Amino acid sequence: MDKIKINNQEQFFDIKNIAPVSKHVLQVTFADTIPDEFGNIEVFTSGGDLCSSFPGYSTIYKTEGQTILLSNDGSVYTDPEEIPPYEPPAPTFEELQAAKKAEVSAACEKIIYKGIDVGLSDDTVGHFSLTIEDQLNLFGKQAQLATGADRLEYHADGQPCRYYSAEDMKFIIEMAMFHVSYHTTYCNALNMWIAGCETAEELQEIFYGADVPEEYQSEVLKAYILEIAQMAEVPGETQAVE
């Protein structure tokens, strides 16, 4: 039966097994007497020959009857049930503001990209998405209009490409630009409102579509609000704002 000495003392302790179980944990199963202290461990064969050593294992990591687990880095076993569940730290107010700005920005992008319904001169209504690519395409149509083209090729969502009169195309572009500009201006005002908040409760009151307090309405937004109100008073006027 193998034996061990601890800290170069004279006393031997009979062991049944000794083996590392991880980088910093050593397992020792004693045959009978268990030492009162641990540290530098020397292992001897039954014939008394030194066969190995394990320095620095002075901390009891865990006790399982005659089996002692020792660590050389001061660590001790913790029952998983005793470890409290991880709770992420509460977000800071600055993080809440950033999240709210990201929320309204995403909503703004979504409603812009969704596009507009436009009433045309032939009494039909076409829906036109306004993704970045769509906006660039319409800018190109502006250049065609500037050359004096009297009809321009384009298509409404889900419809085949067709020719639009210069008048209709000009109106489509105007409504598209109004839609994009209004929502960009409105989103900017929401961001000013968010920046002016001082509590999380104030931030919770802000959402895309909320009426912006006058103190955060820019001159441009006020002009848009007035124009939208005037448009709503004209029967049959096509709206670019949802």
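If you roll a 1.4 Å probe over the heavy atoms of the protein chains, what accessible area per residue do you get for region 56-105, in Å²?
Numbers: 3480 Å² over 50 residues.
Ligands and nucleic acids excluded, the figure is 70 Å² per residue.
Can you compute log10 of I(q)/I(0) for region 130-242 with the Debye formula, treating each Cα as one identical point scatterer, at q = 0.12, 0.17, 0.23 Å⁻¹?
Computed log10 I(q)/I(0) values: -0.57, -0.92, -1.24.
Run a plain Debye calculation on the chain (Cα atoms as equal point scatterers, no solvent) and give log10 I(q)/I(0) at q = 0.16 Å⁻¹, rounded to two decimals, same order as the q list.
Debye intensities relative to I(0), on a log10 scale: -1.08.
How large is Rg/Rh for region 29-94, to two decimals, with Cα atoms and a Kirkwood Rh?
Value, to two decimals: 1.27.
How high is the relative contact order of the chain? Use alpha-carbon pairs under 8 Å, at least six apart in sequence, and give a whole percent.
Reported relative contact order: 13 percent.
Probe radius 1.4 Å, ligands and nucleic acids ignored: give me the carbon and sulfur share of the accessible area of the chain as a rounded percent.
Ligands and nucleic acids excluded, carbon and sulfur give 52 percent.
Distance check, please: which entries in K23/K62; K114/K141; K101/K170; K100/K170 exceed 25 angstrom between their Cα atoms?
Distance filter (> 25 Å) returns K101/K170; K100/K170.
May I ask for log10 I(q)/I(0) of region 41-177 at q = 0.09, 0.17 Å⁻¹, from a Debye sum over the Cα atoms as equal point scatterers with solvent left out?
After summing over all Cα pairs, the log10 values are -0.56, -0.96.
Given the options F178, I206, Y163, identify the residue whose Cα lies farthest towards the positive end of the charge dipole of the chain (+1 on Cβ of Lys, Arg; -1 on Cβ of Asp, Glu).
Value: Y163.
Using helices alone, I'd like the mean residue ellipticity at 222 nm for the chain: each DSSP H run of four-plus residues gives -39500 (n - 2.57), total over residue count, nearest 500. Let's see the in-between values first.
Working: 5 runs with 87 residues, N = 242.
The helix contribution divided over the chain gives -12000 deg cm²/dmol.
Only four residue types carry charge here, +1 at the Cβ of Lys and Arg and -1 at the Cβ of Asp and Glu. Report the dipole size of the chain about the Cα centre in Debye, rounded to the nearest 20.
For this selection, approximately 900 debye.
The values are calculated or read from the model by the stated rules, or taken from the named source; none is laboratory data. Here the structure is a predicted model, which is why all the values come from computation and not from measurement. Note that each Cβ is placed from the backbone with ideal geometry, even for glycine, and that neighbours are counted across all protein chains shown. Note: accessible area is taken over every heavy atom of the protein model, side chains too, but ligands, DNA and RNA are not part of it. Shrake-Rupley method; radii C 1.70, N 1.55, O 1.52, S 1.80 Å.
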